[in-house]
Amino acid sequence: MRLLSRDDWYEISHDLDWTLSYVEESDAFPAEWTGSSGVPKAAWQAWEEPFRVSYRDYVAVQREKEAGVAGVRDALKRAHIYEHLDPAVAAISHFHMGALCMVEQMAVTMLGRFARFAPSPRWRNISVFGMLDELRHAQLQLSFSHDLLKHDPRFDWCQKAFHTNEWGILAIRNFCDDWLLNANCVDAALAVHLTLEHGFTNMQFVALAADAMEAGDIGFSNLLSSIQTDEARHAQQGFPTLEILMKHDSQRAQRVIDVSFWRAFRLFQAMTGTAMDYYTPVDKRKMSFKEFMLEWVVDQHERTLRDYGLQRPWYWETFLKCLDHGHHALHLGMWFWRPTLFWKPNAGVSRAERQWLNSKYPDWEESWGVLWDEIIRNINNGDMAKTLPDTLPALCNLTQLPIGTHWDRHHLERCESTYNGRTYYFDSDVSKWCFDLEPARYAGHLNVVDRFVAGLIQPPNLAGALAWMSITPEVMGDDVYDYRWAAEFNRPAARDT
Amino acid sequence: MVMVPIYGRFIGDFTAHLVAVDTEDTIADVAAKIAAHSVCRRLPAQSAGSYEVLIDGRLIPPEVRVTQLSLRPLHWIDVRWKR
């Protein structure tokens, strides 16, 4: 019998639903899970899929993608590509795998929640495909890392990282627990599909893929590109949700997008900003982090806001200024606290690299170069103890990232709120604003410093903190080039650059 | 003698630090403890430079002891080069 074509049956099947008789609607679809408070049930009938797909179509396309990735993977294994990579480029994949693989797995849970609880049957149906996408992404990154585990134990952190207390992973997990695992369907769709995936994943999966390809990490580049084809598709699910919410509760839409945009930006400053502007070899960089942000994130986000009748966030001018600095602060912090990392950071401040940084960020030398100068002096004097931390940095109670890393050292201001008798500190007035909007959402959580002070990390010293973070000697971070780059600053000419 | 954890920021550095001070420490001791995480690590030393301490925007004399202040855990303390 000839199979029907998709268009023959799609209109009947895509909003399959029925009237509940054994349970109350509010029990089967609690508002806390659906997020549909304030939106009449009938309004969700207008939720239209931004793309059409059947299971048969989906499997056929995904099978081809998988075959493509597998082909490249096998060819690269035979060519021993990984063994010949620049160590700083390899470090990007260690960092990426640990930081993002389990985010994909958390997205499976989020999309599973949409498939069960989303307030529209069309949304529920199409979320099944997104769930399969995210399963593929997590499994791809695990299998890629498994292949490379024999070359470096850091690839074990692809699976392990999210089961540790490594401070950077805790920052990512905090965001994901909040928005992927605990938010209702409507809020999660705006924060994750619209903001994180549509807004930011281009940074990690397009920009980084291009840089990785240029730097010879073909397998990693191919993996990222394959994942992004799925992300670009299912991220569109956020648009019909936004369209409906704008008609019934535009203030809520504005709040969710503004809060999640800032929080996502802070994480991408740490992950992609450092990889693009410091780890990628300078002659292989296609764009700076700021240039890519302006072209791929800022313009796109502004257009989305405008098209749907939203305002730019009140912190927009601050955000634009932070593009010049925040990732440099995070990079310096990560390099200085390098024993707390599970990858080897590249300082990326050789003479040639500084020249590039100054050409892209005119204030770099005055804001950051002077701090690196002191570090370089200590390295060249053999005073390595002074290039390493003796304590923990102050951490933000919202983003979990070091205070002072959203902008530059001239804009480090004390930001705090008191709630139920406890003082909470923030990296910026924007993070404070997020907290003050919904203090009960965040209050009570202990960041790494709070846990240290509470005696939850023993012994209470840096060694105790490293053990608590599961950092072991074979993965502990150290300068990826073993400080060789600093030697050129011993020569007098270095002072003229 | 009781240890008090505070957040110490040396003005000019890019972050603040968790610093353990003692109730018997003078403000001059506190300044030195905070500066130790920034000066000669990321900020160059200043010859003949000395520090001054600000708590909640007020300049605190160097001889004052921590026990004389009402510091709460993780109180924010700023240190800068003496002007």
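How many residues does segment B:44-69 contain that are in contact (Cβ under 8 Å) with a residue 24 or more places away in the chain and of a type in the set (D, E, K, R)?
The qualifying residues number 3.
Taking the criterion of being touching a strand residue (DSSP E or B) at 6+ places or on another chain (Cβ under 6 Å), closer than 24 Å to B:Val39 by Cβ and either modelled with pLDDT under 95 or buried (at least 23 other Cβ atoms within 10 Å of the Cβ) (or both), would at least one residue in segment A:459-466 satisfy it?
Taking every residue of segment A:459-466 in turn, none turns out to be touching a strand residue (DSSP E or B) at 6+ places or on another chain (Cβ under 6 Å), closer than 24 Å to B:Val39 by Cβ and either modelled with pLDDT under 95 or buried (at least 23 other Cβ atoms within 10 Å of the Cβ) (or both).
Results for (1) hydroxyl-bearing (Ser, Thr, Tyr); (2) closer than 17 Å to A:Ile403 by Cβ; (3) surrounded by 15 or more Cβ atoms within 10 Å (Cβ to Cβ); (4) in contact with a Gly (Cβ under 9 Å, 6 or more places away or on another chain), shown as yes or no for each residue.
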site: B:Ile6; (1), (2), (3), (4): no, yes, yes, no
site: B:Ala20; (1), (2), (3), (4): no, no, no, no
site: B:Ala35; (1), (2), (3), (4): no, no, yes, yes
site: B:Val66; (1), (2), (3), (4): no, no, yes, no
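Which residues, counting only those in segment A:305-334, are outside any loop (DSSP other than H, G, I, E, B) and buried (at least 18 other Cβ atoms within 10 Å of the Cβ)?
Just the residues of segment A:305-334 that are outside any loop (DSSP other than H, G, I, E, B), to begin with: A:305-307, A:316-322, A:326-334.
Result: A:Leu305, A:Phe319, A:Cys322, A:Gly326, A:His327, A:His328, A:Ala329, A:Leu330, A:His331, A:Leu332, A:Gly333, A:Met334.
Yes/no matrix, rows are residues, columns are (1) at pLDDT 95 or above; (2) in a loop (DSSP other than H, G, I, E, B):
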site	(1), (2)
A:Leu3	no, yes
A:Val23	yes, yes
A:Gly38	no, yes
A:Arg73	no, no
A:Glu83	no, no
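Do you know which residues across segment A:398-427 are at positive phi and in contact with a Ser or Thr (Cβ under 9 Å, 6 or more places away or on another chain)?
Answer for segment A:398-427, where residues must be at positive phi and in contact with a Ser or Thr (Cβ under 9 Å, 6 or more places away or on another chain): just A:Gly404.
Which helices (runs of 4 or more DSSP H) sit wholly inside segment A:179-281 and have at least 2 residues that are charged (D, E, K, R) and touching a residue at least 40 places away in the same chain (Cβ under 8 Å)?
In segment A:179-281, A:208-214, A:218-234, A:238-248, A:250-268 are the helices (runs of 4 or more DSSP H) which contain 2 or more residues that are charged (D, E, K, R) and touching a residue at least 40 places away in the same chain (Cβ under 8 Å).
If you go through segment A:371-393, how many residues are touching a His at 6+ places or on another chain (Cβ under 9 Å) and either facing chain B (nearest Cβ under 7 Å) or assigned to a helix (DSSP H, G or I) (or both)? Full working, then the answer.
Pass one, segment A:371-393, residues touching a His at 6+ places or on another chain (Cβ under 9 Å): A:389-393.
Pick out the ones that are also either facing chain B (nearest Cβ under 7 Å) or assigned to a helix (DSSP H, G or I) (or both) and you get A:390-393.
The qualifying residues number 4.
Let me spell it out: the conditions are (1) facing chain A (nearest Cβ under 10 Å); (2) charged (D, E, K, R); (3) not in a strand (DSSP E or B), and B:Asp78 meets all of them except one. Which number is the exception?
(3)
Conditions: (1) more than 13 Å from chain B (Cβ to nearest Cβ); (2) over 30 Å from A:Asp450 (Cβ atoms); (3) over 27 Å from the mean Cα position of the chain (by Cα). A:Asn346 meets all but one. Number of the miss?
So A:Asn346 meets the others, but not (3).
From the list B:Ile34, B:Ile6, pick out the single residue that is more than 8 Å from every other protein chain (Cβ to nearest Cβ), within 18 Å of A:Phe426 (Cα to Cα) and in contact with a His (Cβ under 8 Å, 6 or more places away or on another chain).
Going through B:Ile34, B:Ile6 in turn, just one is more than 8 Å from every other protein chain (Cβ to nearest Cβ), within 18 Å of A:Phe426 (Cα to Cα) and in contact with a His (Cβ under 8 Å, 6 or more places away or on another chain): B:Ile6.
Give the residues of segment A:139-173 that are surrounded by fewer than 21 Cβ atoms within 10 Å (Cβ to Cβ) and more than 18 Å from A:Phe342 (Cβ to Cβ), sorted by residue number.
A:Gln139, A:Ser143, A:Asp147
From A:Ala270, A:Ala209, A:Ala275, A:Ala215, grab the single residue that is surrounded by fewer than 24 Cβ atoms within 10 Å (Cβ to Cβ), among the small types (Gly, Ala, Ser) and within 16 Å of the chain's Cα centre (by Cα). Walk me through it before giving the result.
Values: A:Ala270 fails: surrounded by fewer than 24 Cβ atoms within 10 Å (Cβ to Cβ); A:Ala275 fails: surrounded by fewer than 24 Cβ atoms within 10 Å (Cβ to Cβ); A:Ala215 fails: within 16 Å of the chain's Cα centre (by Cα).
Just a single option satisfies the conditions, and that option is A:Ala209.
Please report, ordered by residue number, the helices (runs of 4 or more DSSP H) entirely within segment A:394-497 with at least 1 residues that are within 14 Å of chain B (Cβ to nearest Cβ) and within 22 Å of A:Ile169 (Cβ to Cβ).
Where helices (runs of 4 or more DSSP H) fall fully within segment A:394-497 and carry at least 1 residues being within 14 Å of chain B (Cβ to nearest Cβ) and within 22 Å of A:Ile169 (Cβ to Cβ), they are A:448-453, A:462-468.
Select from segment A:365-382 the residues that are of a type in the set (S, T, N, Q) and touching a residue at least 40 places away in the same chain (Cβ under 8 Å) and write down the one among them that is farthest from A:Arg354 (Cα to Cα).
Quick first cut of segment A:365-382, residues of a type in the set (S, T, N, Q) only: A:367, A:378, A:380-381.
Filter once more, keeping what is touching a residue at least 40 places away in the same chain (Cβ under 8 Å): A:367, A:380.
Values: A:Ser367: 12, A:Asn380: 18 Å.
Ranking the qualifying residues of segment A:365-382, first place goes to A:Asn380.
Just give me the residues in segment B:9-31 being among the aliphatic types (A, V, I, L, M), touching a helix residue (DSSP H, G or I) at 6+ places or on another chain (Cβ under 6 Å) and more than 7 Å from every other protein chain (Cβ to nearest Cβ), in sequence order. Can you show your working first?
Looking only at segment B:9-31, we keep the residues that are among the aliphatic types (A, V, I, L, M), and these are B:11, B:16, B:18-21, B:27-28, B:30-31.
Applying the additional criterion that residues be touching a helix residue (DSSP H, G or I) at 6+ places or on another chain (Cβ under 6 Å) yields B:18-19, B:21.
If the condition is that a residue be among the aliphatic types (A, V, I, L, M), touching a helix residue (DSSP H, G or I) at 6+ places or on another chain (Cβ under 6 Å) and more than 7 Å from every other protein chain (Cβ to nearest Cβ), then B:Val21 is the only one that fits.
A:Asn378 - would you say it is touching a Cys at 6+ places or on another chain (Cβ under 8 Å) and either basic (Lys, Arg) or more than 21 Å from B:Ile77 (Cβ to Cβ) (or both)? Working first, answer last.
Values: touching a Cys at 6+ places or on another chain (Cβ under 8 Å): yes; either basic (Lys, Arg) or more than 21 Å from B:Ile77 (Cβ to Cβ) (or both): yes.
Answer is yes for this residue.
The values are calculated or read from the model by the stated rules, or taken from the named source; none is laboratory data. The model shown is predicted, which means the values in this text are computed figures rather than measured ones. In this analysis, Cβ positions are derived from the backbone assuming ideal geometry, glycine residues included, and neighbour counts consider all displayed protein chains.
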